[in-house]
Amino acid sequence: MQAADSYFVDFSDVWLAYNEELRAQNHFAVEAIDLKVRRGEFIAIVGPSGCGKSTFMKLATGLKMPSMGKILIDGQPVTGPLKISGMAFQAPSLLPWRTTVDNVLLPLEIVEPYRSNFKQKRKEYEERARKLLQKVGLGGYEDKFPWQLSGGMQQRASICRALIHEPKMLLLDEPFGALDAFTREELWCILRDLWTEQQFNVILVTHDLRESVFLADTVYVMSKSPGRFVVKKEIELPRPRDLEITYTKEFTDVVHELRGHIGALRKAGAPIQQ
């Protein structure tokens, strides 16, 4: 058993209602969330649409405060938006008037302590951004505009933007959902390599069960609204994982097991035990 302070993410009996009126009616978006995530762990959250996955992300980044319960991230109570996290979403949302490298630099222009030094250190920061872009296969595209990039390239740039300020935690909300299967698998491998190298915490919300099993150390299944974690599945496939593993029986067995849990939730709406 780990000491409490060695957990990077620690949710203790967290409930969230979106306003006081809903709370008075006992209408919660998420309820009774207990979650302990080790430092450097990669977790994925799956579940039916509308089950509260994105609400959970807002709680984990401090964009929403819980109605009840306590959240600690990196040993500190969450009291507002976290500077130690980076986020990427399904839509890359790059600014069309900025080049790829300037889009990636954006967090350094607005987040302290980088913001104060941005003008003096711009050259150093730009070098960092260009190196990161090369790592994800965007060498040669640093000075192109978003409209000159494919969807997969835009999403690579979006992940670089989320990581440029070297956050301790990366939150990904359906980041590869709009991409074709081949591009999606390429990006799984890029994310795997970045995480292996830097060991930041990752919380990935996805509908893709293969994605969750390939990338994560632990997969959590959320119930229908009000969302709660009803299944915790440790992924015991050895690392490093290559795409070949996705064709093995061990891999597909885990995917089928998770699919069975979600299918049962859709039918019954009843909690499933671990």
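None of the figures in this text is laboratory data; all of them are computed from the coordinates on show. Nothing here was measured: the structure is a model prediction, and the numbers come from that model. Ideal geometry is used to build each Cβ from the backbone, glycine not excepted, and the neighbour counts take in all protein chains shown.
Things worth noting here:
- Antiparallel bridges, percent of DSSP beta bridges restricted to segment 158-268 (to nearest 5): 50
- Residues LEU95, LEU163, ranked from the fewest to the most other C-beta atoms within 10 Å, line up as LEU95, LEU163.
- Cα convex hull, segment 161-241: 113 Å³ per residue, rounded to a whole number.
- Relative to the 2.2 N^0.38 Å rule of thumb, segment 77-133 has a C-alpha radius of gyration ratio of 1.24.
- Helix 151-163 axis, angle to the chain major axis (alpha carbon atoms, nearest 10°): 90
- Separation of segment 209-223 and segment 86-109, taken as the distance between their Cα centroids, equals 27 angstrom.
- Between ILE110, ILE43, ILE71, the GNM of the chain built on Cα springs shorter than 10 angstrom shows ILE110 fluctuating the most.
- Averaging the sequence gap over all C-alpha pairs within less than 8 Å and six or more residues apart, then dividing by the number of residues, gives the chain a relative contact order of 25 percent.
- Kirkwood hydrodynamic radius of segment 92-167, from inverse mean 1/r over distinct Cα pairs, in Å: 12.1
- Loop GluC sites (Glu not before Pro), segment 214-261, which have at most 11 other Cβ atoms in a 10 Å radius of their Cβ (DSSP): GLU236
- Relative contact order [Cα under 8 Å, 6+ residues apart], segment 1-159, whole percent: 21
- The angle between the Cα long axis of helix 100-110 and the main principal axis of the chain comes to about 70°, on a 0 to 90 degree scale.
- Pair-distance profile P(r), taking every C-alpha pair of the chain, with 5 angstrom steps and integer %: 1, 6, 12, 16, 18, 16, 14, 9, 6, 2, 1, 0
- Viscosity 1.306 mPa s, temperature 10 °C, Stokes-Einstein D of segment 127-274 from Kirkwood C-alpha radius, µm²/s: 95
- With the simple spin-label model, which puts each label point 7 Å out from Cα in the Cβ direction, the SER12 to ASP253 separation comes to 3.8 nm.
- Residues SER49 and ILE245, FRET efficiency given R0 of 30 Å [Cβ-Cβ distance, rounded to 0.05]: 0.60
- Taking 0.36 nm per residue of separation and subtracting the current Cα-Cα distance, fully stretching the chain between ALA264 and GLN198 would add 20.1 nm.
- Values of log10 I(q)/I(0) for segment 1-110 across q = 0.12, 0.20 Å⁻¹ run -0.53, -1.13, by the Debye formula with one identical scatterer at each alpha carbon and no solvent.
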